[in-house]
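> Shown below is the structure under consideration.
What follows draws every value from the coordinates through simple rules; no lab data is involved. Model, not experiment: these values are computed from the prediction. Backbone-built Cβ (ideal geometry, glycine too); neighbour counts: all protein chains shown.
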Amino acid sequence: MQVYIEPGDEQHNQQIFDHLYQQKSLLGKEFGFPLSWERMEGSKACRIESRMEADLFDRNGWDNTIREMIERMVKLEQTFSPALAEILVDS
């Protein structure tokens, strides 16, 4: 799951990323799962990603994997939407 930042040019996207990065501790605590913060220098986009371990070949584990994926996606949206909305208001 990820927040992929690519609405504008490289500088604008990095400004959005930097604003979120200033809240890294708060956002990470609220999200509740490890996050990988990737500014991706030299690229137009930036990314904040949550990775999870899963054996997709184990059909017996699919229910748990799907449940965790949904939980993380919902939590990612709940965590980052207010922060992103704040950035848009300030722009």
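> Using label points projected 7 Å from each Cα along Cα→Cβ, tell me how many nm separate ASP55 and GLN11, to one decimal.
Here the answer is 5.1 nm between the modelled labels.
> Still on this structure, please answer the following. Net charge near GLY32, counting Lys/Arg +1 and Asp/Glu -1 over other residues with Cβ under 10 Å of its Cβ?
Value of the local net charge: +1.
> Sorted from largest down, give the three principal axis spans of the alpha carbons of the range 2-90, whole angstrom values.
If we take the Cα atoms of the range 2-90, the spans are 46, 26, 19 Å.
> Got the relative contact order for the chain handy, in percent, Cα pairs under 8 Å and 6 or more residues apart?
Reported relative contact order: 36 percent.
> Moving on. Just going by the charge dipole of the chain, with Lys and Arg at +1 and Asp and Glu at -1 on Cβ, which of SER81, GLN14, SER43 is farthest out on the positive end?
SER81
> If you take the beta carbon distance between ALA45 and GLU77 as r and set R0 to 22 Å, what does 1/(1 + (r/R0)^6) give as a FRET efficiency, to the nearest 0.05?
The computed FRET efficiency comes out at 0.75.
> Using the Cβ atoms and a cut-off under 9 Å, what net charge is assigned to the surroundings of MET52, where Lys and Arg are +1 and Asp and Glu are -1?
After counting each charged neighbour, the total is 0.
> Something else about it: Tell me the net charge near GLN11. Cut-off is 14 Å between Cβ atoms, GLN11 excluded, with +1 for each Lys or Arg and -1 for each Asp or Glu.
Charge balance near GLN11 sits at -3.
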